Amino acid sequence: MNHDSKWTPGFRQPCRDGHPIMFLFPFAGGGASAFAPLVQYLEENRAAFVPVTVQIPGHESRFQEKPFTDLVKLSESTVDGLAPLLTERYYIYGHSMGSILAWEFARACQRKGLAGPEALFLGAREPQHTIGSLEPLHQLPDREFITTIAERYQTVPIQVLENDELLELIVPMMKADFQMLESYTSASGALIKPDIHCIGASDDSLVDAANLPQWDRWTEGKVTTTVVKGGHFFLTTNTSALGDFLIRQTRQRNPEAGQKKIIESYG
């Protein structure tokens, strides 16, 4: 079965010298490019895994595709898209919405009888049962929606807010992402099996780091928590702290891997 490269832009498949992959799942409204600084940091600092960014439908290079509005269905489609790469050990890092997608991905693998991730690394996201219902921002008129998102998350550049043509392209995608988040409810059924390593930020007004240990309700594995300096998007504002966390945790899981030479996987 051939790998569909639209899911992993820029990734090629050389010999990885035994290193596992770490798939990187984006936050709401984000795409694979948001991970570029992290990928560079990981490669420069000899991470014991190969970082692989994941592009979901409707985002960036896949903007012409219809975005998903159901997170569970997205997880199923993502498993199908990445299935050819799931034949060896792998990890997942998800940021914010990407954390929930990562957890649902692990559940979907179990349902399909596929190899699941060895561990999940979940950033900037509490477990769903500690959050409750969310304000339905996706139902707002387009201009009010994007202004609210820009003010709350500080992630929409002023150049985008002032460009009506660009807004016509990105608002439907962002509304779809927020619809996924706002309609998602705590799952019932089988727990996942992998360990979960959580990372939050000291100044994240959107996530209560005290709730991160409660991810233990959703896995049979162990749960660890780490808090670094920064806000909700420490992915980009404190990339080195996140990168060091991922490198440290994966080397603790496989100490010998840190001594091997990393094979670059991006062209």
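A few points about this structure:
- Being touching a residue at least 12 places away in the same chain (Cβ under 8 Å) and either at positive phi or touching a Phe, Trp or Tyr at 6+ places or on another chain (Cβ under 8 Å) (or both) holds for only one residue in His95, His59, and it is His95.
- His197, sole failed condition from (1) part of a helix (DSSP H, G or I); (2) of a type outside the set (A, V, I, L, M); (3) crowded, with 19+ Cβ neighbours inside 10 Å: (1)
- The stretch 238-267 - residue that is β-branched (Val, Ile, Thr) and buried (at least 16 other Cβ atoms within 10 Å of the Cβ) and, of those, modelled with the lowest pLDDT: Ile262
- Summed over the stretch 177-190, residues that are within 13 Å of Ala106 (Cα to Cα) and surrounded by 15 or more Cβ atoms within 10 Å (Cβ to Cβ) total 1.
- Against the numbered list (1) surrounded by fewer than 18 Cβ atoms within 10 Å (Cβ to Cβ); (2) in contact (Cβ under 8 Å) with a residue 24 or more places away in the chain; (3) not β-branched (Val, Ile, Thr), Glu126 comes up short only at (1).
The values are calculated or read from the model by the stated rules, or taken from the named source; none is laboratory data. In this text, all values refer to a predicted model and were calculated from it rather than measured experimentally. With ideal geometry, Cβ positions are generated from the backbone for all residues, glycine too; neighbour counts draw on all protein chains shown.
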